[in-house]
Amino acid sequence: MLSSLFPNVRWEDMWEASLQTMYMTAISVFATFILGIALGLLLFLTSKGNSWENKFVNGIVAGVVNLFRSIPFIILIILLIPLSVYIVGTMLGANAALPALIAGAAPFYARMVEIALREVDRGVIEASQAMGATNGQIIFKVLLPEAMPALISGITVTAIALVSYTAMAGVVGAGGLGDLAYLDGFQRNNPDVTLVATVLILVIVAVLQVIGDVTTRAMDKR
Amino acid sequence: MIELKGIKKTFFAASGPVEAVKNTDLTIEKGEIFGVIGYSGAGKSTLIRMLNLLERPTEGSVTVDDKALSKLKKKDLRLARQEIGMIFQHFNILWSRTVKENIAFPLEISGMPKEKRKARVEELVNLVGLTGREDAYPSQLSGGQKQRVGIARALANNPKVLLCDEATSALDPKTTDSILDLLKKINKELGLTIVLITHEMHVIRKICHRVAVMEGGSVVEEGPVLDIFHHPEQPITRDFVNQLSEPEEMKESISHLSEGADGTLVQFTFVKGATGSPLVTQLIREYQVEVNIIQGKVTHTQDGPYGKLSVLLKGDESAIDNALNYARGQVKVEVIPNA
Ligand SMILES: Nc1ncnc2c1ncn2[C@@H]1O[C@H](COP(=O)(O)OP(=O)(O)OP(=O)(O)O)[C@@H](O)[C@H]1O
Ligand SMILES: [Mg+2]
């Protein structure tokens, strides 16, 4: 039945492409979460009135973050090819796309982290200082837990953006559903392949959204 | 216990320097409840925040429990702060933690081992009257309950001093009273020194032993609460005292009633050392006068009753004279001439 509806779809290829998309998304979301939080914390803590207040460091980090956020992703991939070769040893395949995916998404997420941290009640931070907490304790016991719902909803938005980034990663032969839709669907004029690949991408996005929403709600005790 | 010497705090805002606290000396004794009252912007919060160096004084020294805070290294300051609890107007508890976890927070900071923490938290939950609510999140608590969490948290590491910045200002009068009672109990049972900031005179009246009045960044008057109530010297102090003893309608009704009143109109002022003995009962029983209470507000401070009572006395002239003589030994007596 399925093969008569979608005569040109090779299901093993479709499955493999889905796995590649999920693989790239999963690794890059994880790395973006860690790197984005680190950068976001740095942005927040070095800003005015906070414990590591430092105009110079803040200016540099903010500059780098803004720079990477404004480079179009497709160009970022090409610019980062040498870096990818250096880190993962190849300029082709799913792994080759990872540095660009992370470099594109982490600054984007870092800004969301910074905003989330700024929303944390100043009074609570001050109360912790009054109790004699160290900066490390304030970061891990106050700032991050109190901002967690916003951090999770932020990473959900970022993860969805990353799914669409992976589609562009086809230029470095990264594979994935976007690549399949373009090469097999568009270039060879197989609209059924494009359709199925699109539906699968939508399913992945929907699943990410649901996971994100449920987690955010479970964490939010406000 | 606490000594401020030549304390000054100047903020350098965009609009120019703001002298939030001007050259101030203050000594707070061990075990007392010390109140600071003043209108908004007087510098009260700035002053109390200098007691744990949340705000660094521009000049002067802060000594708490024989430690000169401003001279301490970062690490030692953190340790010193563990001995100074603080509670806040807006509670400042973590919404991401339950009551239990919030109270355990300062214990985690001070590095108490997990097994000991549990018992200590339980003890504190009972002390502040939150038994049964241990697993609730702050969003499920009332304002008064949140402040109880704040108090338990502030007491967790057995501090020597408790700082309260407008701790009851966000609460209704009844809840305010219950929180003040709790603070009084803690002061008595644990011998804790409490410094309390407020703009409400009845908070001072209810639990403070001594009070400082702040205006425009300076302490303008200071002394035992009853003394201040009886002999307010500064106009601002008088304003605060009058807030309590002379509600507006009181003056009016007295002058109104004195018109054509039949009898002797007298105002009793309960002064320092008054025993709170049943004055009115005595007058009626022993001196055979009729006592008609017109208006009054008598409140109780840590050191005895304070307030005013207006009565109309009827009876023989000699009986009234005797009664007034007796009363003069107990309270301040003012005979108000009939209009
Ligand atoms: N961080 C700051 N920067 C600049 N000015 C400040 C700062 N904190 C306080 N001030 C100023 O210092 C003065 C005293 O403020 P403070 O908060 O101590 O008053 P307060 O007596 O606690 O008032 P309230 O009853 O409203 O809390 C005010 O004029 C205030 O504007
Ligand atoms: Mg204040």
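Label sites at A:V207 and B:F11, each approximated as a point 7 angstrom past Cα along Cα to Cβ, lie 5.3 nm apart.
Per residue of peptide B:104-114, the mean number of Cβ atoms on other chains within 10 Å of the residue Cβ is 3.
Per-residue Karplus couplings for region B:82-90, computed as 6.51 cos²θ - 1.76 cosθ + 1.60 with θ equal to phi - 60°, are listed in order as 5, 9, 10, x, 9, 10, 10, 4, 9 Hz, Gly and Pro entered as x. Using only alpha-carbon positions in region B:61-193, the gyration tensor eigenvalues give semi-axes of 24, 18, 13 Å once each is multiplied by 5 and square-rooted (largest first). Under a 5 Å amide H cut-off, with hydrogens placed 1.01 Å from N, B:C164 pairs with B:I87, B:V195, B:L196, B:I197 among residues at least 5 apart or on other chains. Note on chain A: along the principal axes its Cα atoms extend 70, 40, 24 Å, ordered by decreasing extent. The peptide list A:89-99, B:294-304, put in order of mean Cβ contacts within 10 Å with the highest first, becomes A:89-99, B:294-304.
Karplus-based coupling profile of region A:196-201, in residue order and whole Hz: 5, 4, 5, 4, 5, 4, with θ = phi - 60° in 6.51 cos²θ - 1.76 cosθ + 1.60 and x standing for Gly or Pro.
Whole-Hz Karplus values for region B:43-56 come out as x, 4, 4, 4, 4, 5, 6, 7, 6, 10, 6, 4, 10, 7 Hz, taken residue by residue from phi with 6.51 cos²θ - 1.76 cosθ + 1.60 and θ = phi - 60°; glycine and proline positions read x. Where both bridge residues fall in the protein assembly as shown, DSSP classifies roughly 70% of the beta bridges as antiparallel. Can you tell me how region A:177-222 classifies by the Cα gyration tensor, rounded, prolate or oblate, using a/c under 1.5 as the rounded cut? Prolate, because a/c is 1.5 or more and a/b exceeds b/c.
With contacts taken as Cα pairs under 8 Å and at least 6 residues apart, chain A reaches a relative contact order of 27 percent.
In this structure, A:I81 and A:I60 have a Cβ-Cβ separation that, at R0 = 25 Å, corresponds to a calculated FRET efficiency of about 0.50.
Within chain B, the proportion of C-alpha pairs whose separation exceeds 25 Å stands at 59%. Across all directions, the average flat footprint of the convex hull enclosing the Cα atoms of region A:107-222 is 8.9 nm². Taking label positions 7 Å along the Cα-Cβ direction at both B:A136 and B:T27, the computed distance is 4.4 nm, reported to one decimal. Every Cα-Cα pair of the protein assembly as shown was included, and the share exceeding 33 Å stands at 60 percent. Candidate cross-link partners of B:K114 among the lysines, defined by an alpha-carbon separation under 19 Å and a same-chain spacing of 8 or more, comprise A:K141, B:K100. The mean sequence separation of alpha-carbon pairs under 8 Å and at least six residues apart, normalised by the residue count of region B:77-231, gives a relative contact order of 25 percent. Distances between placed amide hydrogens fall under 5 Å for B:E59 paired with B:K8, all partners being 5 or more residues away or on another chain.
First select every other residue whose beta carbon is under 14 angstrom from the beta carbon of A:G176; then total the charges, Lys and Arg +1, Asp and Glu -1. Every neighbour counted, the sum reads -4. Taking amide H as placed 1.01 Å from N in the peptide plane, A:G175 has no amide H partner under 5 Å among residues 5 or more places away or on another chain.
Values quoted throughout were computed directly from the atomic coordinates according to the rules given, and no laboratory measurement underlies them. Just so it is clear, the model here is predicted, and its values are computed rather than measured. All Cβ positions, glycine included, derive from the backbone under ideal geometry; neighbour counts span all protein chains shown.
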